[in-house]
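Here the structure comes first, spelled out in structure tokens, and everything after it is commentary.
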Amino acid sequence: MLGLKLPTDPRWVNIAEKNIEEILTDHAFCEQKAASTAISLIVSFPEYPELINAMIALVKEEMSHFKMVHDRILARGWTLGRDRKDEYVNRLVQFFPKGGSRTTQLVHRLLYAALIEARSCERFKLLSEHINDPELATFYKNLMVSEANHYTMFLGFAREYGDRTEVDTKWQALLDFEAEIMRDLGTKETMHG
């Protein structure tokens, strides 16, 4: 369903389980960054009312997810750690060249967002099925559905605002590029790496 070309090695869950505090901190900041992305799209592309309305709803949802993750951190007696660079996202956003028309820029940003949500959905599914913490397994199962909806929303907007054939070609190329990135990742206590 997600179209990812290289699935995460299920052994990543073992790394995550041994570093739950780090995973939850990284996850919290991923939710915050997702809200920031939605705000950035509102600021950058105000001429798309349907997109703006969807991004307003997304900001609220992502911040509610941030709170849910933060609540779990606090419930375990921890505090939110510091944000760190997301190697996965930093490498991913190098795929498309800078510049181009406003529509091209919008489509590229929507495709990046769709792919990040798809990979998050896949990671949440792995956690929901394999983590030995029943509370977190249920938590990630519920979040997995949201991430799948976000993935399809972003991809749908890209296809709506760009030429469908061109967007689908770019999407497949981006999926191939992401698979190459993933060959080097999956060994760290981060949501994407």
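The values are calculated or read from the model by the stated rules, or taken from the named source; none is laboratory data. Computed from a predicted model, the values in this text were never measured in an experiment. Don't worry about glycine lacking a Cβ; one is built from the backbone with ideal geometry, like all the others, and counts go over all protein chains shown. Heavy atoms of the whole protein, side chains included, go into the accessibility calculation; ligands, DNA and RNA do not. Shrake-Rupley method; radii C 1.70, N 1.55, O 1.52, S 1.80 Å.
Counting each DSSP H run of 4 or more residues in the chain as -39500 (n - 2.57), what helix-only mean residue ellipticity at 222 nm follows after dividing by all residues, to the nearest 500 deg cm²/dmol?
-25500 deg cm²/dmol
Given +1 on the Cβ of Lys and Arg, -1 on the Cβ of Asp and Glu, and no further charges, what dipole in debye does region 93-193 carry about its Cα centre, rounded to the nearest 20?
320
Please compute the net charge surrounding GLU61, taking Lys and Arg as +1 and Asp and Glu as -1 over other residues with Cβ under 13 Å from its Cβ. Can you show the working numbers first?
On the way: positive: LYS60, LYS67; negative: GLU31, GLU62, GLU117, GLU147.
Once all neighbours under 13 Å are counted, the net charge is -2.
Along the charge dipole of the chain, Cβ charges K/R +1 and D/E -1, which of SER128, PHE139, PHE29 sits furthest on the positive end?
Checking the options against the dipole of the chain, the answer is PHE29.
Placing +1 at every Lys and Arg Cβ and -1 at every Asp and Glu Cβ, with all other atoms neutral, what dipole size does the chain have around its Cα centre, in debye to the nearest 20? Numbers along the way, then the final one.
On the way: 24 positive and 29 negative charges, 52 e Å.
Roughly 260 debye, rounded to the nearest 20.
If you count only protein heavy atoms with a 1.4 Å probe, what accessible area per residue comes out for region 50-107, rounded to a whole Å²? Walk me through the numbers before you get to the answer.
On the way: 3530 Å² over 58 residues.
Computed with neighbouring chains in place, this is 61 Å² per residue.
Starting from the Cα-Cα distance between MET68 and GLU87, subtract it from 0.36 nm times their residue separation and give me the gain in nm to one decimal.
Value of the extension gain: 4.4 nm.
Carbon and sulfur together cover what percent of the accessible area of region 1-42 at a 1.4 Å probe radius?
On the way: 1090 of 1900 Å².
Carbon and sulfur: 57 percent of the exposed surface of region 1-42.
Just how large is the dipole of region 1-105 about the Cα centre, in debye to the nearest 20, putting +1 at every Lys and Arg Cβ and -1 at every Asp and Glu Cβ? Mind dumping the intermediate values first?
Values: 14 positive and 14 negative charges, 49 e Å.
Dipole of region 1-105, to the nearest 20 debye: 240 debye.
Tell me the label-point distance for the pair HIS130, GLU50, using the 7 Å Cα-to-Cβ offset, in nm and rounded to one decimal.
3.8
Would you mind telling me the share, in percent, of accessible area of region 82-127 contributed by carbon and sulfur at probe 1.4 angstrom?
54
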